[in-house]
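Step one of this worksheet: look at the structure below.
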Amino acid sequence: MTGWPRADGRKGIRNTVLVAYLVECAHHVCTKIARPFDETDVQVIGFSGCFPSDYGQEMMEALCTHPNVGAVQLVSLGCENFRKQELADLVRASGRPVNLVTIQSTGGTAAAVAQGREWVTAQVDALRDAPKVAMEASELVIGTICGGSDATSGLTGNPAAGRAFDRFVSEGATCIFEETGELIGCEHIMADRVSDPALRPEIIATVEKAARYYAQMGYGSFSNGNALGGLSTIEEKSLGAYAKSGSSPISGIIKPAQRAPGGGLYLLDVVPDGAPKFGFPNINDTAEIIELIACGAHAVIFVTGRGSVVGSAISPVIKVCANPETYDRMAADMDVNAGRILRGAATLDEVGDEIHDQIIALGQGAQSKSEALGHVEFVLTYKTAAGPEPGCHV
Amino acid sequence: MTDQSDGPVSGLLHLHPRDNIVVAIRPLTKGEMIEIADARIRVPRNLALGHKLALRDISAGDDVLKYGAPIGRASCDIGAGDHVHLHNLASRYTVIQDIEGTNA
């Protein structure tokens, strides 16, 4: 693999220019700035809220300094509460070009679009020739998520993703699995896998917190589509989801926008501490993907049974289709056909190797299906911030 | 956790030796007879891939086991060969709502 070297020592497998709105009122200007460009080169992200949010600030900081990001165009309306200068300074300090356009002081929509587009054009041209360096698998951070799950997710796609994770962990990479609300029922099994016994009660507490949180919300993380696909309980879905963590020891727990301290397998605790404050921890799969990416994920393995089509801004998503019938209908959206395991045409190890090799190929210039289709989904909502001590749970 | 990669594709999968349910790995037709794990199961209704049938009788309150681990408790007595789903299997954690009434 090769990657673009960053000042903090990390390397990117993409070199994207971000156009980021700092309140919804600046979203349209960002969309217009990005419109002439291919999604490969320029992507729109942002934080919609006008009220202050430490979580939103931390997430935007982590995303705008993500190793896959080469330059950042920030767009402010002007009167929102986002600490934009702080973000701009942080991006600049990371060695990346940054430009801040404030719509109110620039003279409105058209002027802001023109100014932003001129700057972004120059960045895209400059990044085209940016030098790359050799990159090892041990330098990768990989996230995994499952969405649009059915009973095949836990039979083929998730265990195969787990095999890929085991290989990456053995190669020294950092692997992150998540959605503690979808691990309800597995906490004691999971607690037996910790590398440090001190982590055991924390694992159980993290899942119990998720169970309490979802109970207060009134819904578990369980959709009608899950039931149509044959899943009956959150525990059943959880055990199937849990399989994607593989069998490596769990090295620690991290929070959104925190980076793991090194290689190994980490649980991302997506559920905020304390009483529910801003609603569901993550309102959809994309919100989870973005949190994995904010933890530094270069790529995300997305296992789906029912057939999700999403990709993501910033980092490529590899779609692993667990259900052979879904794959037959939606092959053009799917990178890996794990459903063929059910037809006796492949083993879990073979599909695990295929997932692993496709991730490596992303670092050798290959595009995932969702990338080629132009998927650059992005969601960031309000959430209680994790707190000021990155890595304190490790 | 599971390794179902060996063995013939019969239509039903017994994921773990302890499991008291089996999983449909293709659409099944009502009346089909399938041999699995020393049992013969007559498929009670048309079933989509991924749905579960009881491998043996399960008493109300007993754990339903998949991957060798409990996925909830039987909310009523379940007979061998019965479809196991929202109507007779209850989570110990979170109530699952049959939102559109399509999963009975």
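The values are calculated or read from the model by the stated rules, or taken from the named source; none is laboratory data. Worth saying up front: this structure is predicted, and the values here are computed from it rather than measured. Cβ coordinates were reconstructed from backbone atoms using ideal geometry, including for glycine residues, and neighbour counts include every protein chain displayed. Side chains included, ligands, DNA and RNA excluded: accessible areas come from the protein's heavy atoms. Shrake-Rupley method; radii C 1.70, N 1.55, O 1.52, S 1.80 Å.
A compact table of results
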| read-out | value |
| --- | --- |
| Region A:203-235 - residue that is polar (S, T, N, Q) and in contact (Cβ under 8 Å) with a residue 12 or more places away in the chain and, of those, nearest to A:T152 (Cα to Cα) | A:N226 |
| Of the criteria (1) within 14 Å of chain B (Cβ to nearest Cβ); (2) touching a helix residue (DSSP H, G or I) at 6+ places or on another chain (Cβ under 7 Å); (3) farther than 24 Å from B:H16 by Cα, which one A:M190 fails | (3) |
| Filtered residues of region A:135-174 (kept if farther than 17 Å from A:M190 by Cβ, touching a Leu at 6+ places or on another chain (Cβ under 9 Å) and in a helix (DSSP H, G or I)) | A:S153, A:L155, A:T156, A:A160, A:R163, A:F168 |
| Subset tally (residues that are assigned to a helix (DSSP H, G or I) and under 15 Å from B:L13 (Cβ atoms)) for region A:341-365 | 2 |
| Selection status of A:G344, small (G, A, S) and within 17 Å of the chain's Cα centre (by Cα) | no |
| Leading residue by the ranking (nearest to the other protein chains (Cβ to nearest Cβ)) among those in region A:222-242 that are assigned to a helix (DSSP H, G or I), small (G, A, S) and open to solvent by less than 10 Å² (accessible area, probe 1.4 Å) | A:A227 |
| Criterion: buried (at least 17 other Cβ atoms within 10 Å of the Cβ) and more than 14 Å from chain B (Cβ to nearest Cβ) - qualifying residue of A:A331, A:A313 | A:A313 |
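Condition check ((1) within 23 Å of A:V124 (Cα to Cα); (2) part of a helix (DSSP H, G or I); (3) modelled with pLDDT under 95; (4) outside the structural domain of A:T121 (by TED's automatic domain parsing)) across all residues:
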position	(1), (2), (3), (4)
A:A7	yes, no, no, no
A:L18	yes, no, no, no
A:C30	yes, yes, no, no
A:P36	yes, no, no, no
A:Q43	yes, no, no, no
A:S48	no, no, no, no
A:Y55	no, yes, no, no
A:M59	no, yes, no, no
